[in-house]
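Take a look at the structure set out below.
The values are calculated or read from the model by the stated rules, or taken from the named source; none is laboratory data. Source: prediction; values computed, not measured. When we count neighbours, we look across all protein chains shown, and the Cβ atoms used for this are built from the backbone with ideal geometry, even at glycine. Surface accessibility is based on the protein's heavy atoms, side chains included, excluding ligands, DNA and RNA. Shrake-Rupley method; radii C 1.70, N 1.55, O 1.52, S 1.80 Å.
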Amino acid sequence: MAGRRAQAETFTARMKMRLHRARIGLRKSGVDYFRGDGSDWVAMVGLLLTVPVIACGTLLNSVWCSPTALVLPIVAGGLLLRPASLLGLYAAAAAALIVESVKLGPYSEGAARVTPGTVLVVAACGFFGLLIAQFRSRVGVPWRRGGTMLFDLRERIRVQSKLPQLPRGWHREMALRPAGGQSFSGDFVVAARTNGGRTLEAVLTDVSGKGMDAGSRALLLSGAFGGLLGSLPPHAFLPAANGYLLRQDWDEGFATSIHLVLDLESGDYELFSAGHPPGLQLSAGSGRWEEKAAEGPLLGVYDGAQFDSTKGSLRPGDVLMLFTDGLVETSERDITEGIDRLTGEADRYVSGGFHGAAWHLIEAVAKDVNDDRALLLICRDA
């Protein structure tokens, strides 16, 4: 009895172990396939089976199932298979065309037969499918993973641009609008509370280019700038960022940037600029907007650049507004006119407060502008 029980327990344990391994293997294969790391034999077999099915349908009723229907597995193969597997699928499709041509007879005898045009269409689809497959193989990002990777990149930029919480009595918000309704922008913000939480440092940057073309560079720079922020004295940040940009040696390697250093206890601040549009401060006492312009060249133009600062103070009720040039400058209006329009729209929020104003200001001032737009508001409550 004891021997039988031990044998049963051993058999049960072995079965459980085999099921566990099979489940882990299946799950790993599914994850690898989604990521593009696994074998494509499942897709290969499935597409190969569709070729004779389509060929049989064409032979039975060539009016409803045209010979050109073979482009369907070919197009799908261009998205799913590797180049080597794709050639096998093309061979099966070519064999199906030959069989159809023999069984249906010469195309001169009637419609719905394999014509030279049919062969050209199938061959053209196969050629472009092979180009797509080779491009994916060279890049190393298959279509199954490409959309997820782009989504991850967009989310990383969004998370890196998140502003830290401010103490009571302060309000901050940011709005970002990429060019052309895209998800990627050359404008970004990195911010952190330094000096034991007493100081807010925020950097608003506009990378050359716009939309998706500048998105990859913006992601790289936002990570680098986020690492520099708080690790260096405020006056050393832009020189270090300039040196980093020069080392990248990009064809379009320049950027504009404005660096805010704000004391959250006293309200005193310092602005450093690298070719960026000036900041705007609303004085609660006078109700007027004042430009806060600092001097400095573009980032990534030449080494050893110097960046001078301008100082100010935010009193209760004051507002500081930082923005990129896409918000105030277009081919139809200069930056002075754009700033006047922006401050005119911002005046509408003075009495009711600027909570939620950033998005609405972009909507009112630069809704249809084909450029990246970003706006950062720092408000001290009255």
Filter the stretch 77-90 for residues that are at pLDDT below 85 and either open to solvent by 10 Å² or more (accessible area, probe 1.4 Å) or not in a helix (DSSP H, G or I) (or both) and give the result. Leu79, Leu80, Leu81, Arg82, Pro83, Ala84, Ser85
Do we have any residue at all in the stretch 227-250 that's of a type in the set (Asp, Glu) and touching a helix residue (DSSP H, G or I) at 6+ places or on another chain (Cβ under 8 Å)? no
Look through Ala284, Ala294 and report the one residue that is within 26 Å of Val350 (Cβ to Cβ), hydrophobic (A, V, I, L, M, F, W, C), open to solvent by 30 Å² or more (accessible area, probe 1.4 Å) and not in a strand (DSSP E or B). Ala284
Return a yes/no flag: does the stretch 341-355 have any residue that is touching a Ser or Thr at 6+ places or on another chain (Cβ under 9 Å), touching a residue at least 60 places away in the same chain (Cβ under 8 Å) and small (Gly, Ala, Ser). no
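For (1) farther than 16 Å from Lys162 by Cα; (2) of a type in the set (Gly, Ala, Ser); (3) open to solvent by less than 20 Å² (accessible area, probe 1.4 Å), each residue gets a yes or a no:
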residue	(1), (2), (3)
Leu200	no, no, yes
Leu204	no, no, yes
Ser216	yes, yes, no
Leu219	no, no, no
Phe225	no, no, yes
Ser231	yes, yes, no
Pro234	yes, no, no
With the checklist (1) under 22 Å from Ala366 (Cβ atoms); (2) open to solvent by less than 30 Å² (accessible area, probe 1.4 Å) in hand, flag the one item Gly317 doesn't pass. (1)
Starting from residues that are among the hydrophobic types (A, V, I, L, M, F, W, C) and either in a loop (DSSP other than H, G, I, E, B) or open to solvent by 10 Å² or more (accessible area, probe 1.4 Å) (or both), keep the ones in the stretch 255-271 and report whichever is nearest to Leu327 (Cα to Cα). Val261
For the stretch 182-192, give me the residue count where each residue is free of Cβ contacts under 8 Å to residues at least 40 places away in the same chain and either surrounded by fewer than 20 Cβ atoms within 10 Å (Cβ to Cβ) or not β-branched (Val, Ile, Thr) (or both). 5
If we keep only residues of the stretch 52-76 that are open to solvent by 60 Å² or more (accessible area, probe 1.4 Å) and in a helix (DSSP H, G or I), then the residue nearest to Leu86 (Cα to Cα) is Val75
Name the residue, out of Gly312, Gly317, that is part of a loop (DSSP other than H, G, I, E, B), at pLDDT 90 or above and of a type outside the set (D, E, K, R). Gly317
Just for the stretch 307-338: of the residues that are among the polar types (S, T, N, Q) and without any contact (Cβ under 8 Å) to a residue 12 or more places away in the chain, which one is nearest to Tyr349 (Cα to Cα)? Thr336
If you take the residues in the stretch 354-382 that are assigned to a loop (DSSP other than H, G, I, E, B) and in contact with a Lys or Arg (Cβ under 6 Å, 6 or more places away or on another chain), which one is surrounded by the most Cβ atoms within 10 Å (Cβ to Cβ)? Asp372
